[in-house]
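Working notes, structure below.
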Amino acid sequence: MTEATEYTPPKIWVWDAENGGQWSKINRPVSGSTHDSELPVGKHPLQLYSLATPNGQKVTILLEELLALGEKGAEYDAHLIKIGDGDQFSSGFVAVNPNSKIPALFDHSSGNPVRVFESGAILLHLAEKFGHFLPKDPAKRIEALNWLFWLQGSAPYLGGGFGHFYSYAPFKMEYPIERFTMEVKRQLDVLDRQLENNRFIAGDEYSIADMAIWPWYGNLALGGLYSAAEFLDVGSYKNLVRWAKDISERPAVKRGRMVNKAWGEPEGQLHERHDASDFELKTQDKVPAE
């Protein structure tokens, strides 16, 4: 390891708002709102406030999968939250998620709106509400929950750990990149071994465990996260790559990945989603006028 300039922590830490790289403006040491702003409310009982980061994709993939099964009650409005602009610190968003992180959901279907925040909690709420994508067999159910909570505990090492220091930190630092690379590769090995004898993450049933894990580790395996596929040698995890490709071909996954996406190729973006026809209109936009 190359020698680095030693950092001596101060006796009392003081916030330096500019010391954080590309995403410095979304991090601060206090909670609560910074400004007053009401959240928009659409026509459906399910109101989602999100952005198509991996955590946001989890929920829109599940909602699109539920709609594909014919669950009309899963119709939803997806409102774009621009975290780079600080939308998550509005008074309206803080009311639905005091932690100021996307995604957040208001469920109006029971009369009094119920707030659901944290992506894993939203997946579990919707799976139980509609009775899909969480196995009925008790042993299989707990296995799916094992992997759902595995993801919730593991993804911060991939995102806030490896992803931040590899892609977003103001300059490259050997120690954190080496540290988090080792952990991410260990996680990839965990998944690859689990998928060696299982079609899906928790067994033979497609579940919310797959929908939670795919946006992070599936995207990574297919080269769509942090441009780090070669660096991490993701191609060597054959079972993980097979699973990632299979999930990526599901029509509901393709739709769910587009919702609240505001970057990349225009045809892959759907800033807001208020009706199933929004996808059809998006397709029509790509057809040249005669």
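Being closer than 18 Å to Met258 by Cβ, touching a Lys or Arg at 6+ places or on another chain (Cβ under 9 Å) and surrounded by fewer than 22 Cβ atoms within 10 Å (Cβ to Cβ) is a condition met by at least one residue of the stretch 58-73. Of the numbered conditions (1) over 25 Å from Ala68 (Cα atoms); (2) surrounded by 14 or more Cβ atoms within 10 Å (Cβ to Cβ), Ser207 satisfies every one except a single condition; which is it? Of the numbered conditions (1) over 25 Å from Ala68 (Cα atoms); (2) surrounded by 14 or more Cβ atoms within 10 Å (Cβ to Cβ), the odd one out for Ser207 is (1). The single condition from (1) crowded, with 18+ Cβ neighbours inside 10 Å; (2) of a type outside the set (Gly, Ala, Ser); (3) in contact with a Lys or Arg (Cβ under 9 Å, 6 or more places away or on another chain) that Glu118 fails is (1).
Taking the options Gln269, Gln284, name whichever one is at pLDDT below 95, of a type in the set (S, T, N, Q) and over 24 Å from Tyr157 (Cβ atoms).
Numbers: Gln269 fails: at pLDDT below 95.
None of the others qualify; the one that does is Gln284.
Residue under question is Ser236, and the condition is that it be in the same structural domain as Ala144 (by TED's automatic domain parsing) and under 24 Å from Glu118 (Cα atoms); does it hold?
Values: in the same structural domain as Ala144 (by TED's automatic domain parsing): yes; under 24 Å from Glu118 (Cα atoms): no.
In short, no.
Against the test of being acidic (Asp, Glu), surrounded by fewer than 17 Cβ atoms within 10 Å (Cβ to Cβ), at pLDDT 80 or above and not in a helix (DSSP H, G or I), the options Glu38, Glu18, Glu3 yield a single qualifying residue, Glu38. In the stretch 83-115, the residue that is surrounded by the most Cβ atoms within 10 Å (Cβ to Cβ) out of those that are charged (D, E, K, R) and closer than 20 Å to Thr34 by Cβ is Asp87.
Among the numbered conditions (1) closer than 28 Å to Ala252 by Cβ; (2) outside the structural domain of Leu62 (by TED's automatic domain parsing); (3) surrounded by fewer than 20 Cβ atoms within 10 Å (Cβ to Cβ), the only one that His125 does not meet is (2). Scanning the stretch 161-191 for residues that are within 17 Å of Tyr7 (Cα to Cα), touching a residue at least 24 places away in the same chain (Cβ under 8 Å) and not hydroxyl-bearing (Ser, Thr, Tyr) turns up Ala169, Pro170, Met173, Glu174. Of the strands (runs of 3 or more DSSP E) lying entirely inside the stretch 72-151, those containing at least 1 residues that are among the hydrophobic types (A, V, I, L, M, F, W, C), over 18 Å from the mean Cα position of the chain (by Cα) and modelled with pLDDT of 95 or more span 114-117. Contact annotation: residue pairs with Cβ atoms under 6 Å, 6 or more positions apart or on different chains, pairing a residue in the stretch 247-274 that is under 21 Å from Ile83 (Cβ atoms) and touching a residue at least 12 places away in the same chain (Cβ under 8 Å) with a partner that is part of a helix (DSSP H, G or I) and of a type in the set (A, V, I, L, M), are Gly256/Ile61; Leu270/Met258.
Yes/no matrix, rows are residues, columns are (1) charged (D, E, K, R); (2) under 27 Å from Leu46 (Cβ atoms):
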residue	(1), (2)
Pro215	no, yes
Leu222	no, no
Glu230	yes, no
Ala244	no, no
Ser248	no, yes
Gly256	no, yes
Asn260	no, yes
Pro266	no, yes
His271	no, yes
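Counting just the residues of the stretch 193-217 that are in a helix (DSSP H, G or I) and among the charged types (D, E, K, R), which one comes out nearest to Pro135 (Cα to Cα)?
Narrowing the stretch 193-217 to residues in a helix (DSSP H, G or I): 193-194, 208-217.
Narrowing further to those that are among the charged types (D, E, K, R): 193, 210.
Working: Arg193: 21, Asp210: 13 Å.
Result: Asp210.
Each residue in the stretch 139-197 was checked for being touching a Ser or Thr at 6+ places or on another chain (Cβ under 7 Å) and surrounded by fewer than 18 Cβ atoms within 10 Å (Cβ to Cβ), and 1 of them qualify.
The values are calculated or read from the model by the stated rules, or taken from the named source; none is laboratory data. Given the structure is predicted, the values throughout are model-derived calculations rather than measurements. FYI the Cβ positions are ideal-geometry reconstructions off the backbone, even for glycines, and counts take in every protein chain you see.
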